[in-house]
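Student: Dropping the structure in here first, questions after.
The values are calculated or read from the model by the stated rules, or taken from the named source; none is laboratory data. Model, not experiment: these values are computed from the prediction. Cβ: placed from backbone, ideal geometry, glycine included. Neighbour counts: every protein chain shown. To get the accessible areas, we keep the full protein, side chains included, count just its heavy atoms, and leave off ligands, DNA and RNA. Shrake-Rupley method; radii C 1.70, N 1.55, O 1.52, S 1.80 Å.
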Amino acid sequence: MADVRSVAHRGDLFEQRIREQGSEELGRRIDLLVAGCAHDPPPYLDRFGARVTGVDEDLPAVRALMPDRTDLHAWTLGDLRSVPIPPRSFDVVQVTFVIERIQYAELVLDRMLNGLRPGGLLLLRMRDRSTAYGLCDRLTPSWLRRLLWRRLVRSEVREQIAGPLPAVYEPVTSREGIHAFCLMRGLMITDDVTTVSGPARGRIGSAVVRVVDKLSRGRFTSSYDEVTMVIRKPHNHFARLI
């Protein structure tokens with residue numbers, strides 16, 4: 001049964017779950033894979049042994065950032081549909097704001113799950129396509145998204161990302177979509193947290209999503225835009241199938 005919560009701040013949920021995973025491994029080093037590593041630092045795990053590997057798209061802006069990443073033990077760039085991910089090699093996979101920005105999101109998730117050991121954790125953070133913000137993000141023309149980028153996104157993010165990321169939002173990129181995805185693969189969602197973040201929290205963004213919520217009569221909610229989930233791969237023999 002999933003632990004469904006709604007909070008204003010996600011805090012250190014990922015760090016907490018990684019520490020708990022480490023305690024289950026009886027002192028063995030934790031192997032952590034960070035997908036979308038160019039702009040997503042791994043959790044701060046002081047006094048906790050973890051080997052961190054990163055994977056990301058092979059883009060000029062991404063490649064320029066990677067040599068300065070001292071928090072990764074190893075990293076690989078390439079198409080996330082085919083970049084090498086050794087099977088059953090990681091205890092934890094972290095995927096943050098990636099799947100709503102790529103095509104073939106289910107294939108990428110399956111590849112990440114294949115890299116998990118039985119009993120491992122998938123730490124997933126995304127923006128939900130079925131929210132008011134998700135609707136605005138995927139329907140806004142690319143030229144307008146570029147125009148609004150510098151106004152709506154905080155400066156420290158702009159320094160790392162040259163412009164707005166693609167807004168693909170395949171059907172799996174929603175709370176309902178992920179729940180269905182996990183049900184089909186025998187995965188257990190242990191944490192399901194929603195919050196308002198990014199441009200949807202600003203003065204202009206919050207006003208826009210409230211209007212969309214009202215006009216859609218609540219079909220596209222403004223109560224949250226970001227979803228954080230912790231998903232566990234089963235220990236039993238069915239884990240061999242994914």
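Student: Report the full-extension gain for the segment Ala207 to Asn114: residue separation times 0.36 nm, less the Cα-Cα distance, to one decimal in nm.
Tutor: 29.4 nm
Student: Taking H placed 1.01 Å from N in the peptide plane, check which residues at least 5 places from Thr76 or on another chain put their amide H under 5 Å from its amide H.
Tutor: Gly54, Val55, Asp56
Student: In what sequence, largest accessible area first, do Arg127, Arg111, Arg201, Arg88 appear using a 1.4 Å probe?
Tutor: Greatest to least solvent exposure: Arg201, Arg88, Arg111, Arg127.
Student: I'd like the Karplus ³J(HN,Hα) series for region 98-110: coefficients 6.51, -1.76, 1.60, θ = phi - 60°, whole numbers in Hz, and an x wherever there's a Gly or Pro.
Tutor: 10, 5, 6, 10, 10, 8, 6, 4, 5, 4, 5, 4, 4
Student: Next question. Would you pull out the residues with amide H under 5 Å of Ser197's amide H, same chain only if 5 or more places away, H placed 1.01 Å from N?
Tutor: When sequence neighbours closer than 5 places are left aside, the close amide H contacts are Asp225, Glu226.
Student: PRE reach from Ala180 (point 7 Å along Cα→Cβ): which of region 84-115 fall under 15 Å by backbone N?
Tutor: Output list for this probe position: 105-107.
Student: Also: Which residues' amide hydrogens lie under 5 Å from the amide hydrogen of Gly119, considering only partners 5 or more residues apart or on another chain, with H built in the peptide plane?
Tutor: Lys233, His235
Student: Which ³J(HN,Hα) values, rounded to whole Hz and listed in residue order, are derived for region 205-213 from phi using the Karplus coefficients 6.51, -1.76 and 1.60 in 6.51 cos²θ - 1.76 cosθ + 1.60 with θ = phi - 60°, glycine and proline given as x?
Tutor: Values, residue by residue: x, 5, 5, 5, 5, 5, 5, 4, 4 Hz.
Student: Quick one: 3J(HN,Hα) in Hz for region 125-139, Karplus 6.51/-1.76/1.60 with θ = phi - 60°, rounded, Gly and Pro as x.
Tutor: Karplus-based 3J(HN,Hα) across region 125-139 equals 9, 7, 9, 8, 5, 8, 8, 4, 5, x, 5, 4, 5, 7, 9 Hz.
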